[in-house]
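J.: Shown below is the structure under consideration.
Where a number appears in this text, it was derived from the coordinates with a stated rule and is not lab data. The shown structure was predicted, so the numbers you read here are calculated from the model rather than taken from an experiment. So basically every Cβ, Gly included, is an ideal-geometry build from the backbone, and we count neighbours across all protein chains shown.
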């Protein structure tokens, strides 16, 4: 079981501010699962417009945070790092359910389990919680493609 600080996350993910949505990896079991953190602060640029009088993290960004955690799991499992010749895409989001709002000051715990992989298409069970309470869950499908 491994963990990663922000410096290790930055070496593995191609994302950068303001779209980098994983701050730390708490646990990673290659080929099995990952637990990671997203610290939600009032300084996030999306809170300016979503919503000015009641800031709430957009659901699509919660799903993106889960996808980034899934990418870290896949990179570690494959022993790969992102490069200029390959790009990873969302291929599907199934059964997404949003159970509670995520607000500034919350710590989003991202939990992703690899369900299966075939021909560089990955299927994950993903969920995020705040203080042990389910915030979002979905099945995510991602794929890797060579850049033309």
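J.: Which order do the peptides 136-145, 41-50 come out in when sorted by mean C-beta neighbours inside 10 angstrom, highest first?
T.: 136-145, 41-50
J.: Also, I was wondering about something else. Given points 7 Å out from each Cα along the Cα-Cβ axis, report the residue 53 to residue 147 separation in nanometres with one decimal.
T.: About 4.5 nm, to one decimal.
J.: At q = 0.14, 0.15, 0.18, 0.19 Å⁻¹, what log₁₀ I(q)/I(0) does a Debye calculation on the Cα points of the chain give, no solvent, two decimals?
T.: -0.63, -0.73, -1.04, -1.16
J.: Based only on other Cβ atoms within 10 Å, what is the fewest-to-most ordering of 5, 106?
T.: Ascending number of Cβ neighbours within 10 Å: 5, 106.
J.: Something else: Taking springs between alpha-carbon atoms closer than 10 angstrom, which of 89, 124, 17 fluctuates most in the Gaussian network model of the chain?
T.: 17
J.: What FRET efficiency would be calculated for the residue pair residue 119, residue 81, taking the C-beta separation as r and a Förster radius of 22 Å, to the nearest 0.05?
T.: 0.60
J.: Out of every Cα-Cα pair in the stretch 82-148, what percent are more than 13 Å apart? Please list the in-between numbers first.
T.: On the way: 1507 of 2211 pairs.
Taking all Cα-Cα pairs of the stretch 82-148, the fraction more than 13 Å apart is 68 percent.
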